[in-house]
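*Asks:* Handing you a structure now.
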Amino acid sequence: MPWLLKTEPDCYSIDDLARDKRTRWNGVRNYQARNFMRDGMKVGDPVLIYHSSADPPGVVGVASVSAAAEADVTALDPNDDHFDPKATKANPIWMSVEVQFVERLPALIEIGLLRATKGIEAMALLQRGQRLSVQPVTEREFEIVMRLARGTKPPKPRVGRAK
DNA sequence: GCCAACGTTGGC
DNA sequence: GCCAACGTTGGC
């Protein structure tokens with residue numbers, strides 16, 4: 001299933017991912033987000049990359065899950081910004097998946113455009129007060145965002161449920 | 001920079 | 001286990 005990962009471009013941007021080709025999504029310190037990475041994200045799942053606290057914020061690219069979650073070693077490193085004194089080797093607490101670069105979108109899809117787009121009103125990203133940095137995205141939401149990216153119209157709603 | 005919304009912490 | 005205080009997120 002598709003996902004969305006938020007990142008602050010000042011910290012790690014789509015350009016950084018394009019350069020690195022793949023990266024461990026380390027530094028996530030929220031249990032719900034960790035659980036999505038640990039239990040939900042499967043190798044091959046597509047991932048929207050979203051720039052938060054950017055001007056403007058929006059979806060900038062696509063990645064895919066390239067390796068399943070494992071211990072986030074940055075939690076064990078006292079010199080790392082994401083050090084967690086409660087984490088141990090036996091119980092690292094935090095986990096992260098590896099993602100690989102797929103593509104940069106031809107243009108950033110601003111959050112305002114997303115808000116104005118029919119069919120994706122229920123996207124987690126667009127809900128008030130939500131700040132989760134790892135979010136599930138439905139197949140249809142993913143498809144609509146990709147069509148926005150390619151400048152074509154979103155598909156008509158399907159009747160009934162997929163699969 | 002503001003501030004609403006949310007998660008976490010810690011006293012009790 | 002409650003909940004007030006605090007810290008963080010992130011759009012605006």
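*Asks:* How many of the residues in the stretch A:9-54 are part of a loop (DSSP other than H, G, I, E, B) and either in contact (Cβ under 8 Å) with a residue 40 or more places away in the chain or more than 13 Å from DNA strand C (Cβ to nearest atom) (or both)? Let's see the steps before the verdict.
*Replies:* Pass one, the stretch A:9-54, residues part of a loop (DSSP other than H, G, I, E, B): A:9-13, A:21, A:25-30, A:41-45, A:52-54.
If we keep only those that are either in contact (Cβ under 8 Å) with a residue 40 or more places away in the chain or more than 13 Å from DNA strand C (Cβ to nearest atom) (or both) too, we end up with A:9-10, A:13, A:21, A:25-30, A:41-45, A:52-54.
Qualifying residue count, the stretch A:9-54: 18.
*Asks:* Hey, any hits in the stretch A:60-69 for a residue that's in a strand (DSSP E or B), farther than 25 Å from A:Ile144 by Cβ, within 16 Å of DNA strand B (Cβ to nearest atom) and modelled with pLDDT of 95 or more?
*Replies:* Looking through the stretch A:60-69, none of the residues is in a strand (DSSP E or B), farther than 25 Å from A:Ile144 by Cβ, within 16 Å of DNA strand B (Cβ to nearest atom) and modelled with pLDDT of 95 or more.
*Asks:* Report every pair of residues separated by at least 6 positions or lying on different chains whose Cβ atoms are under 9 Å apart, first residue within the stretch A:105-122 and in a helix (DSSP H, G or I), second among the aromatic types (Phe, Trp, Tyr) and modelled with pLDDT of 95 or more.
*Replies:* A:Ile111/A:Tyr50
*Asks:* Let me ask something else. Condition first: more than 16 Å from DNA strand C (Cβ to nearest atom), in contact with a Gly (Cβ under 7 Å, 6 or more places away or on another chain) and not charged (D, E, K, R). Can you find one or more residues in the stretch A:142-150 that meet it?
*Replies:* Yes, that holds for at least one residue.
*Asks:* Right, another one. Listed residues A:Ala107, A:Ala87; which is modelled with pLDDT under 95, touching a helix residue (DSSP H, G or I) at 6+ places or on another chain (Cβ under 9 Å) and under 24 Å from A:Phe142 (Cα atoms)?
*Replies:* Values: A:Ala87 fails: under 24 Å from A:Phe142 (Cα atoms).
Every option except A:Ala107 fails the conditions.
*Asks:* Just the residues that are within 16 Å of DNA strand B (Cβ to nearest atom) and buried (at least 18 other Cβ atoms within 10 Å of the Cβ), please, taken from the stretch A:93-135.
*Replies:* Passing the criteria: A:Trp94, A:Met95, A:Ser96, A:Ile111, A:Met123, A:Leu125, A:Ser133, A:Val134, A:Gln135.
The values are calculated or read from the model by the stated rules, or taken from the named source; none is laboratory data. If you're wondering where the values come from, they're calculated on a predicted model, not measured in any experiment. Positions of Cβ are backbone-derived with ideal geometry, glycine not excepted, and every protein chain shown enters the neighbour counts.
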